[in-house]
Amino acid sequence: MEAEVDKLELMFQKAESDLDYIQYRLEYEIKTNHPDSASEKNPVTLLKELSAIKSRYQTLYARFKPVAVEQKETKSRISAIVNKTMNVIQKLQKQTDLELSPLTKEEKIAAEQFKSHMPDL
């Protein structure tokens, strides 16, 4: 889970870096080529649009970060609760000398899917 959050954060950082590079390249190309063609879009307008896109990206990232942190904390809490529940069940089984019947095929699939989403278990 933590790796997913870190991966997304790195992706956002790379995207921001890419936008900075694109803006730099556009500014350089405009300065070196000075396009005077009336049929082309105004380079200044392009730069303003790029700045607006970058601003929207930063807003999106600011919204994403708290959600990612909350998701990480929630998964940790769920994992802790499941672990405690499993321990209680095991203790009860030992105290009562009872064992659960083997899992059905569907239960095994569900358990594997759950574990794949909760690697801390």
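The values are calculated or read from the model by the stated rules, or taken from the named source; none is laboratory data. Note that the structure is a prediction, hence the values are computed from the model and not measured. For neighbour counting, all protein chains shown are included, and Cβ atoms are generated from backbone atoms with ideal geometry for every residue, glycine included. Remember, those area values only see protein heavy atoms, side chains included, never the ligands or the DNA or RNA. Shrake-Rupley method; radii C 1.70, N 1.55, O 1.52, S 1.80 Å.
In terms of accessible area, using a 1.4 Å probe and ignoring ligands and nucleic acids, Ile22, Ile81 rank largest first as Ile81, Ile22.
Based on the Cα gyration tensor of region 47-118, what are the three equivalent ellipsoid semi-axes, each the root of five times an eigenvalue, rounded to whole Å and given largest first?
Each semi-axis is √(5λ); the values are 46, 15, 4 Å.
At 0.36 nm per residue, and after removing the present C-alpha to C-alpha distance, how many nm does the segment from Ser116 to Tyr21 gain when stretched out fully? Display every interim value, and only then the final one.
Numbers: separation 95, 0.36 × 95 = 34.20 nm, distance 3.70 nm.
Separation in residues times 0.36 nm, less the Cα-Cα distance, equals 30.5 nm.
With each label modelled as a point 7 angstrom along the Cα→C-beta vector, the Thr104-Ser76 pair spans 3.6 nm.
Once the Cα-Cα distance is subtracted from the 0.36 nm per residue extended length, the Glu29 to Ser55 segment shows a gain of 7.2 nm. Here are some pairs, Lys75/Lys108; Lys54/Lys115; Lys7/Lys31; Lys7/Lys91; which of them have Cα atoms lying more than 27 Å apart in this structure? Violating the 27 Å Cα-Cα cut-off are Lys54/Lys115; Lys7/Lys31; Lys7/Lys91. The mean accessible area for residues of the chain, using a 1.4 Å probe and ignoring ligands and nucleic acids, is 82 Å² per residue. With a/c under 1.5 counting as rounded, go ahead and sort the chain into rounded, prolate or oblate using the C-alpha gyration tensor (a ≥ b ≥ c being the square roots of the eigenvalues; past the cut-off, prolate if a/b is larger than b/c, else oblate). In terms of gyration-tensor shape, prolate.
The angle between the Cα long axis of helix 105-117 and the longest principal axis of the Cα atoms of the chain comes to about 50 degrees, rounded to the nearest 10.
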